[in-house]
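Computed from the coordinates by the stated procedures, all read-outs in this text should not be read as laboratory data. Bear in mind the structure is a predicted one, so any value in this text is a computation, not a measurement. Cβ placement follows ideal geometry from the backbone for every residue including glycine, while neighbour counts extend to all protein chains displayed.
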Amino acid sequence: MILIDAVTKRYPDGTTAVDRLTLEIPDGSITVLVGPSGCGKTTTLRMINRMIEPTEGRITLDGADIREQPVNSLRRTMGYVIQHAGLFPHRTIVENIATVPRLLGWDRREARTRALELMERVGLDRSLAKRYPYQLSGGQQQRVGVARALAADPPVMLMDEPFSAVDPIVRKGLQDELIRIQGELGKTIVFVTHDIDEAIKIGDMVAVLREGGKLAQYAPPAELLSAPADGFVEDFLGLDRGIRRLSFFTAAGLELNTVPIVAVDSTAEQLAARTVPQTPYLLVTDTEGRPLGWADAKQRAAGSEALIPFGHSFTAGRDSLRAALDSAVLSPTGWAVAVDENGRAVGVAAQETIAAAIRTAHLEQQATGSASGVADAAPVDA
């Protein structure tokens with residue numbers, strides 16, 4: 001565990017970047033520091049590896065004051081990942097990843113073997129090993145940065161907005177990769193971001209800091225969303241925090257309607273059997289059961305092949321109520337399309353059905369102990 005104990009960082013001009021901050025960062029978890037610009041997130045992170053020395057207070061790692069360790073030795077026990085990866089441009093990818101092991105005295109072959117293993121772990125093909133950073137995309141470079149931070153198997157990883165410089169699609173992939181790797185390795189990770197969605201998605205604990213480096217709230221993501229400590233936290237979370245909170249409720253028990261699902265080659269009799277007053281639209285699938293779009297039931301029966309886009313689907317049994325609600329809201333018919341792991345349609349759900357499931361989820365949460373019933377949960381569709 002990392003303990004930040006009443007730590008203050010004050011600069012000679014009188015600026016206080018961090019003000020008597022106290023945090024217990026659990027072992028083997030991802031703790032996210034989030035907040036507006038000037039709240040001391042990066043300063044706090046850099047005090048953990050002594051890139052910045054605190055003015056007051058102390059920081060301990062497993063009970064030992066970090067100031068009692070030689071600074072170089074301390075930093076080699078902590079992986080460090082920054083924006084744009086910070087790679088050495090004159091070294092190949094495999095050489096970049098092997099940097100810290102080589103500094104620690106590993107022989108070249110051992111360090112190279114470790115680097116190649118880590119390339120696969122972070123989702124990079126070994127064929128990239130001899131390339132240079134400029135030959136990789138931004139997302140690939142960030143994966144190299146993560147691999148380099150993991151190379152010497154450090155117990156602690158510090159990550160300073162590592163994914164903020166890439167596009168949203170690549171960013172989501174990197175977040176998913178980090179969650180997967182953390183599930184395998186169980187590192188103690190301190191992660192800085194200004195993006196509350198990123199904090200909620202990847203964090204086991206989230207520390208919201210206000211300007212001047214003061215702690216506003218420290219809680220698991222679900223508790224943060226359900227019970228903001230004050231108006232500042234509530235404003236920072238945004239008006240859609242209720243929607244974000246649905247990420248912690250599974251859609252596994254959602255009632256699905258299979259009646260309006262028809263194959264693209266269905267006969268007139270089959271179409272008639274699937275058409276009921278409650279569902280004026282039919283979900284048309286290909287011959288393997290994958291959704292193609294919605295069709296007006298009467299027009300389909302009259303021979304029309306016109307289809308209305310269905311928006312996007314959600315995966316039954318895996319995704320959250322947030323994903324199901326989003327699917328329904330984006331659907332022109334107001335019905336969410338549920339698919340299995342292979343993308344085959346298994347049912348549809350009306351907005352009213354999803355709303356009822358949300359009410360039930362809230363009641364079940366209250367019955368099991370209010371926010372504590374969800375506080376330790378991870379987002380269902382992380």
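Remarks
- In this Cβ point-charge picture (+1 for Lys and Arg, -1 for Asp and Glu), the chain has a dipole of about 1240 debye about its Cα centre.
- Legend: residue pairs LYS41/LYS201; LYS41/LYS172; LYS9/LYS187, Cα-Cα distance threshold 24 Å; pairs beyond threshold, LYS9/LYS187.
- Taking all Cα-Cα distances within region 264-321, those exceeding 20 Å account for 28%.
- Among ILE4, ILE97, sorting on how many other beta-carbon atoms sit within 10 Å of each Cβ, with the fewest leading, yields ILE4, ILE97.
- Under the Debye formula (equal points on every Cα, no solvent term), log10 I(q)/I(0) of region 301-351 at q = 0.15 Å⁻¹: -0.40
- Ellipsoid equivalent to region 245-382 - semi-axes via the Cα gyration tensor, in Å: 32, 14, 11
- Distance from the alpha carbon centroid of region 120-148 to that of region 226-287 works out to 38 angstrom.
- Average projected area [Cα convex hull, region 1-81], square nanometres: 5.6
- Calculated Rg and Dmax of region 123-187 using C-alpha coordinates, Å: 11.9, 31
- Alpha carbon convex hull of the chain, volume per residue in cubic angstrom: 163
- Sparse packing (at most 15 other Cβ atoms within 10 Å of the Cβ) combined with a DSSP loop state is found for the following GluC sites (Glu not before Pro) in region 227-280: GLU255.
- Region 82-131: translational diffusion in µm²/s, Stokes-Einstein, Kirkwood Rh over Cα pairs, 10 °C, 1.306 mPa s: 143
- Expressed per residue, the C-alpha convex hull volume of region 182-336 stands at 146 Å³.
- Hull shadow area, averaged, region 1-135 [alpha-carbon convex hull, nm²]: 10.3
- Three-way shape label, region 27-72, alpha-carbon gyration tensor, a/c 1.5: oblate
- Structural descriptor for the chain: relative contact order 16 percent, calculated from alpha carbon pairs under 8 angstrom and at least 6 residues apart.
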